[in-house]
1. Mind sorting Lys102, Lys65 by how few other Cβ atoms lie within 10 Å of their own Cβ, fewest first?
2. Which order do the peptides 18-31, 86-99, 35-48 take when ranked by the mean count of other beta-carbon atoms within 10 Å per residue, highest first?
3. Two decimals is fine: what's Rg over Rh for the stretch 14-80, C-alpha atoms, Kirkwood radius as Rh?
4. Rounded to the nearest 0.05, what FRET efficiency do Ala42 and Val111 give with R0 = 35 Å and r taken as the Cβ-Cβ distance? Could you check?
Amino acid sequence: MYHSASGDMIFFLAALLAGAAIAFLYDLIRISRRIVSVGTSAVGVQDIVFFVAAAMILFYAAYTKNSGEIRWQGFIGSILGAGLYAFLVRNRFVNLGTTFLKWLIKSALAVFKLIAFPVRILLRAIRKPVEIIAWYTGAGLKRAKRITKCGGARVRMRALSALSLLKKK
């Protein structure tokens, strides 16, 4: 089969990009492992998913740019692309991504606390009326009395308990 030099260069560049994409994908997994520590079985599952994705990326690059032929320049280009990515970008991207995700998680928690604050005040405000109603009605609203007695701790659990109380009736 006749190949031109420009076709070979395009395939080599596609292999470089595929190698860099695979290294980028692995960096995403590294960032997730820095944020959340997982057990050995989850690491194994992540590695299997990574290898399947890497194989799909390499196959796609070979299929679209080289009609599915596997050639040495594809392997060399992929390894060189991953190496260039690792040398130029890897540590900066992982550190920046980890910092950004930690900031995003802290921001989401701060927003949740802002949203939960009025709920906590509302539960404190209705504590006495619920206790009075529960005392007069007996066993029917004892669970509601327990929900409001906690004060301000664990707003989410109290809200879920209150929702389940409302759904039962």
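1. On the way: Lys102 12, Lys65 20.
The most exposed by this proxy come first: Lys102, Lys65.
2. Working: 18-31: 18.7, 86-99: 13.6, 35-48: 11.0.
Ranked by mean Cβ neighbours within 10 Å, highest first: 18-31, 86-99, 35-48.
3. On the way: Rg = 13.7 Å, Rh = 12.7 Å.
Over the Cα atoms of the stretch 14-80, Rg/Rh equals 1.08.
4. Working: r = 28 Å, r/R0 = 0.80.
That gives a FRET efficiency of 0.80.
Laboratory data are not the source of any read-out in this text; all were calculated from the coordinates shown. Values in this document were obtained by computation on a predicted structure and should not be read as measured data. Virtual Cβ from ideal backbone geometry, glycine too; neighbours counted across all protein chains shown.
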